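**Student:** The following block contains the structure, expressed as C-alpha coordinates.
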Amino acid sequence: MARLPKLAVFNLDYTLWPFWADTHVDPPFHQSSDGSIRDRRGQSIRLYPEVPAVLERLQSLGVPVAAASRTGEVEGANQLLELFGLVRYFLHREIYPGSKVTHFERLQHKTGVPFS
(Lines give C-alpha, C1' and ligand atoms only; values in the text may rest on other atoms or scores of the structure.)
Protein backbone atom coordinates (compact mmCIF):
# COMPACT_ATOMS: atom_id res chain seq x y z
CA MET A 1 0.00 0.00 0.00
CA ALA A 2 1.20 3.51 -0.78
CA ARG A 3 2.28 5.80 2.03
CA LEU A 4 -0.62 7.76 3.40
CA PRO A 5 -0.45 11.41 4.46
CA LYS A 6 -0.05 12.10 8.16
CA LEU A 7 -2.69 14.82 7.88
CA ALA A 8 -5.15 15.90 5.17
CA VAL A 9 -6.16 19.57 5.32
CA PHE A 10 -9.18 20.89 3.46
CA ASN A 11 -10.29 24.39 2.69
CA LEU A 12 -14.08 24.81 2.90
CA ASP A 13 -15.27 27.25 0.25
CA TYR A 14 -15.12 25.78 -3.25
CA THR A 15 -13.57 22.62 -1.78
CA LEU A 16 -16.39 21.10 0.27
CA TRP A 17 -19.19 23.26 -1.10
CA PRO A 18 -19.60 25.29 -4.31
CA PHE A 19 -19.79 28.79 -2.82
CA TRP A 20 -18.14 31.27 -0.46
CA ALA A 21 -19.87 31.04 2.90
CA ASP A 22 -19.28 34.73 3.57
CA THR A 23 -20.65 36.15 0.31
CA HIS A 24 -22.79 33.74 -1.76
CA VAL A 25 -25.23 32.49 0.88
CA ASP A 26 -27.05 34.06 3.84
CA PRO A 27 -26.59 32.49 7.28
CA PRO A 28 -27.94 31.32 9.59
CA PHE A 29 -28.48 27.91 8.03
CA HIS A 30 -31.05 25.31 8.99
CA GLN A 31 -32.24 21.86 8.04
CA SER A 32 -35.71 22.06 6.52
CA SER A 33 -38.47 19.50 6.99
CA ASP A 34 -37.46 17.76 3.75
CA GLY A 35 -33.94 17.23 5.12
CA SER A 36 -32.25 19.77 2.86
CA ILE A 37 -29.92 22.45 4.23
CA ARG A 38 -31.11 25.99 3.53
CA ASP A 39 -29.93 29.50 4.21
CA ARG A 40 -31.94 32.36 5.74
CA ARG A 41 -33.60 33.10 2.37
CA GLY A 42 -34.55 29.47 1.80
CA GLN A 43 -31.86 28.89 -0.81
CA SER A 44 -30.84 25.22 -0.92
CA ILE A 45 -27.23 24.61 0.14
CA ARG A 46 -25.31 21.57 -1.03
CA LEU A 47 -21.94 19.91 -0.77
CA TYR A 48 -19.96 18.69 -3.72
CA PRO A 49 -21.33 15.14 -4.09
CA GLU A 50 -17.97 13.40 -3.56
CA VAL A 51 -17.19 15.07 -0.23
CA PRO A 52 -18.79 12.59 2.22
CA ALA A 53 -17.21 9.59 0.48
CA VAL A 54 -13.76 11.21 0.40
CA LEU A 55 -13.90 12.10 4.09
CA GLU A 56 -15.23 8.65 4.99
CA ARG A 57 -12.42 6.99 3.03
CA LEU A 58 -9.74 9.08 4.72
CA GLN A 59 -11.22 8.21 8.11
CA SER A 60 -11.33 4.50 7.25
CA LEU A 61 -7.64 4.66 6.30
CA GLY A 62 -6.78 6.36 9.58
CA VAL A 63 -5.75 9.66 7.99
CA PRO A 64 -6.49 12.59 10.32
CA VAL A 65 -8.39 15.46 8.69
CA ALA A 66 -8.33 19.19 9.45
CA ALA A 67 -10.03 22.28 8.06
CA ALA A 68 -8.23 25.52 7.25
CA SER A 69 -10.42 28.37 6.05
CA ARG A 70 -9.97 32.14 5.91
CA THR A 71 -13.71 32.80 5.73
CA GLY A 72 -15.13 35.77 7.56
CA GLU A 73 -18.28 33.74 8.21
CA VAL A 74 -16.83 31.61 11.01
CA GLU A 75 -20.11 30.78 12.72
CA GLY A 76 -21.86 29.92 9.45
CA ALA A 77 -19.01 27.71 8.22
CA ASN A 78 -19.03 25.76 11.48
CA GLN A 79 -22.81 25.55 11.33
CA LEU A 80 -22.62 24.04 7.83
CA LEU A 81 -20.10 21.43 8.99
CA GLU A 82 -22.53 20.51 11.78
CA LEU A 83 -25.64 20.44 9.60
CA PHE A 84 -23.97 18.30 6.93
CA GLY A 85 -22.70 15.88 9.60
CA LEU A 86 -19.06 16.54 8.72
CA VAL A 87 -17.75 17.71 12.11
CA ARG A 88 -16.95 14.13 13.09
CA TYR A 89 -14.32 13.92 10.35
CA PHE A 90 -12.40 17.06 11.32
CA LEU A 91 -10.06 16.56 14.27
CA HIS A 92 -8.90 20.16 14.02
CA ARG A 93 -10.59 23.27 12.65
CA GLU A 94 -8.79 26.53 11.93
CA ILE A 95 -11.64 28.66 10.60
CA TYR A 96 -11.16 32.42 10.87
CA PRO A 97 -10.06 35.35 8.69
CA GLY A 98 -6.37 36.00 8.25
CA SER A 99 -3.34 34.35 6.78
CA LYS A 100 -3.47 30.72 5.74
CA VAL A 101 0.10 30.53 7.05
CA THR A 102 -1.28 31.06 10.56
CA HIS A 103 -3.79 28.26 10.04
CA PHE A 104 -1.04 25.84 9.03
CA GLU A 105 1.33 26.94 11.79
CA ARG A 106 -1.38 26.26 14.36
CA LEU A 107 -2.19 22.90 12.77
CA GLN A 108 1.48 21.97 12.87
CA HIS A 109 1.66 22.95 16.55
CA LYS A 110 -1.51 20.98 17.41
CA THR A 111 -0.66 17.85 15.43
CA GLY A 112 3.13 17.76 15.39
CA VAL A 113 2.98 17.03 11.66
CA PRO A 114 5.78 18.93 9.89
CA PHE A 115 5.04 21.00 6.78
CA SER A 116 7.15 18.64 4.71
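The values are calculated or read from the model by the stated rules, or taken from the named source; none is laboratory data. Values in this document were obtained by computation on a predicted structure and should not be read as measured data. All Cβ positions, even for glycine, are placed from backbone atoms using ideal geometry, and neighbour counts span all protein chains on display. Accessible surface is based on the protein model in full, side chains and every heavy atom, while ligands, DNA and RNA are left aside. Shrake-Rupley method; radii C 1.70, N 1.55, O 1.52, S 1.80 Å.
**Student:** Mind listing just one residue for me: the one in region 23-59 that is acidic (D, E) and not in a helix (DSSP H, G or I) and, of those, least open to solvent (accessible area, probe 1.4 Å)?
**Tutor:** At the first step, the residues of region 23-59 found to be acidic (D, E) are 26, 34, 39, 50, 56.
Now narrow it down to the ones that are not in a helix (DSSP H, G or I): 26, 34, 39, 50.
On the way: D26: 41, D34: 106, D39: 0, E50: 113 Å².
The qualifying residue least open to solvent (accessible area, probe 1.4 Å) is D39.
**Student:** Going by what's in this entry, would H30 be described as over 22 Å from S116 (Cα atoms) and free of Cβ contacts under 8 Å to residues at least 12 places away in the same chain?
**Tutor:** So H30 fails the test.
**Student:** Continuing with the same structure: Return yes or no: is A68 open to solvent by less than 50 Å² (accessible area, probe 1.4 Å), at pLDDT 95 or above, among the small types (G, A, S) and outside any helix (DSSP H, G or I)? Write out each step before concluding.
**Tutor:** Working: open to solvent by less than 50 Å² (accessible area, probe 1.4 Å): yes; at pLDDT 95 or above: yes; among the small types (G, A, S): yes; outside any helix (DSSP H, G or I): yes.
For A68, the condition - open to solvent by less than 50 Å² (accessible area, probe 1.4 Å), at pLDDT 95 or above, among the small types (G, A, S) and outside any helix (DSSP H, G or I) - is met.
**Student:** What are the pairs with Cβ atoms under 7 angstrom where one residue, in region 94-109, is closer than 14 Å to V65 by Cα and the other, located anywhere, is charged (D, E, K, R) and open to solvent by 80 Å² or more (accessible area, probe 1.4 Å)? Sequence gap at least six, or different chains.
**Tutor:** Short answer, once both residue conditions are applied: E94/R106.
**Student:** If you take the residues in region 72-90 that are within 11 Å of the chain's Cα centre (by Cα) and in a loop (DSSP other than H, G, I, E, B), which one is surrounded by the fewest Cβ atoms within 10 Å (Cβ to Cβ)?
**Tutor:** G85
**Student:** Please verify whether G62 is modelled with pLDDT of 95 or more, among the small types (G, A, S), open to solvent by less than 40 Å² (accessible area, probe 1.4 Å) and in a loop (DSSP other than H, G, I, E, B), treating the condition exactly as stated. Can you show your working first?
**Tutor:** Details: modelled with pLDDT of 95 or more: yes; among the small types (G, A, S): yes; open to solvent by less than 40 Å² (accessible area, probe 1.4 Å): no; in a loop (DSSP other than H, G, I, E, B): yes.
The answer is no for G62.
**Student:** Write out, first by first residue and then by second, each pair whose Cβ atoms fall under 7 Å of each other, whose residues are 6+ apart or on separate chains, and whose first residue, in region 75-87, is over 10 Å from P28 (Cα atoms) while the second is of a type in the set (F, W, Y).
**Tutor:** Pairs found: L81/F90; L83/F29.
**Student:** Here is a follow-up. State which residue is farthest from K110 (Cα to Cα) when the search covers only region 1-19 and only residues that are at pLDDT 95 or above and open to solvent by 90 Å² or more (accessible area, probe 1.4 Å).
**Tutor:** For region 1-19, the residue satisfying everything is Y14.
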